[in-house]
Amino acid sequence: MKKHMAWVSLVLLLLLSIATIVGVNSLFTADFNESTSIEAQHIKDITISSDITDIYLSLSSDHQVHARITGTASKLSDYGVFLLPEDDHLHIRAVEKNAAVSSLSLNKSVRLQIDLPADKLRNVTVQSKFGSVYAEQPLMADTFKFKSNLGGMYLDSYTGQELTADSTLGNIQIMRLEGNASLTTGSGHVTIAKWQPLTGHNRILTNKGNIEVGLTPPSQALFFHIYSNGIVRTDLDASFTSVPASFSRIGMNQIAGNLGETADHGARLEISSDTGKIVVNNK
């Protein structure tokens, strides 16, 4: 009986502590607005790291890279954003102190805004544990890489050589894509409104999510292979073909074919979901 009462007291104390922290965070909030900038003349590569906040990308109106943290959060929070140049590589890091405590705040709403150079970059990398990345302006970089555990990627437009995204739970949404892509998400959905792949091997892979792609026929030959245990559908004007089913794909719904003239070294497109619905239509 005494042990039982001790456990009950401990649980009540823990709940009281959490309620106190939540109450303090909710009552004592503050507005954050911290910014910094750096000349972008010699910058070719940019790596952005922010574990907590969502990341918003836009184009700079001058020849500088701007970084801003804005929003409302607990006064217990302490945010900082740092620009760390290393030759032609710029590292942008957003840091939140007391993250474990301030995460209990009911009024927390903080974002990281990055203004990228208007000139085409060589590489842009975005890393976040929980946040998503948003871009409402066209992005141009030879390569663009995004990795997050819980966050998603939402781009208006990307033009470059290759777009890479890897998210455990987040959705991936791109309105216009010109370039190769390798997109992977565990439970999230993937939507590409209009896509023109270039060369090489392009892949979209999910476990449970649905995939919807509007495909613009490329200038060269493209072989595509679509397969899922869910619904698979396409209206592509293609030369359809059969493919040998590997042991892991036995029983799956599959569609394969060629766009353009058949070529040994043409581009390839692989779209796969374990259980999700896949729709690939002509755009």
query: Could you give the length gained on full extension between His42 and Glu86, defined as 0.36 nm per residue of separation minus the Cα-Cα distance, in nm?
result: 14.8 nm
query: Where both residues lie in the stretch 132-283, what percent of DSSP beta bridges are antiparallel, nearest 5?
result: 15 percent
- prompt: How much FRET efficiency would the formula 1/(1 + (r/R0)^6) give for Ser246 and Val95, where r is the Cβ-Cβ distance and R0 is 45 Å, rounded to 0.05?
  reply: 0.50
message: Please report the spacing between the Cα centers of the stretch 174-216 and the stretch 226-245 in Å, no decimals.
response: 16 Å
field: Under the Karplus curve 6.51 cos²θ - 1.76 cosθ + 1.60, θ = phi - 60°, whole-Hz ³J(HN,Hα) for the stretch 190-207, x wherever Gly or Pro sits
entry: 10, 10, 10, 5, 8, 9, 10, x, 9, 9, x, 9, 9, 9, 10, 10, 9, 8
field: Length released on extending from Lys194 to Asn33, taking residue separation times 0.36 nm less the Cα-Cα span
entry: 54.3 nm
Dipole of the stretch 132-283 [Lys/Arg +1, Asp/Glu -1 at C-beta], most positive-end residue of Ser242, Tyr134, Gly276: Gly276
query: For Asn207 and Arg268, what is the calculated FRET efficiency with R₀ set at 25 Å and r taken between the beta-carbons, to the nearest 0.05?
result: 0.70
task: Collect residues whose amide H, placed 1.01 Å from N in the peptide plane, falls under 5 Å from the amide H of Val110; neighbours closer than 5 in sequence don't count.
output: Thr72
Label zone at Asn253, where the point sits 7 Å out along the Cα-to-Cβ direction: the stretch 210-234 residues whose backbone N lies under 15 Å: 210-213, 226-234
- prompt: For the stretch 179-219, list residues with backbone N below 18 Å from a point placed 7 Å from the Cα of His225 toward its Cβ?
  reply: 181-184, 199-207
- request: Distance check, please: which entries in Lys44/Lys147; Lys44/Lys129; Lys97/Lys208; Lys44/Lys283; Lys129/Lys208 exceed 28 angstrom between their Cα atoms?
  value: Lys97/Lys208; Lys44/Lys283
field: Simple label model, 7 Å out from Cα along Cβ direction - Thr168 to Asn281, nm
entry: 3.4 nm
- prompt: Which loop-located trypsin sites (Lys or Arg not before Pro) does the stretch 111-178 contain, where loop means any DSSP state but H, G, I, E or B and the Cβ has at most 15 other Cβ atoms within 10 Å?
  reply: Lys120, Lys129
field: Square roots of 5 times each gyration tensor eigenvalue, C-alpha, the stretch 132-283, largest first, Å
entry: 23, 19, 12
- request: Mind giving me the FRET efficiency for Asp237 and Leu150? R0 is 41 Å, r the Cβ-Cβ distance, nearest 0.05 is fine.
  value: 0.60
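Every read-out reported here was derived from the displayed coordinates using simple, explicitly stated rules and does not represent laboratory data. Keep in mind that what you see is a predicted model, and the values were worked out from it rather than measured. A quick note on method: Cβ atoms are made from the backbone with ideal geometry, for glycine too, and the neighbour counts reach across all protein chains shown.
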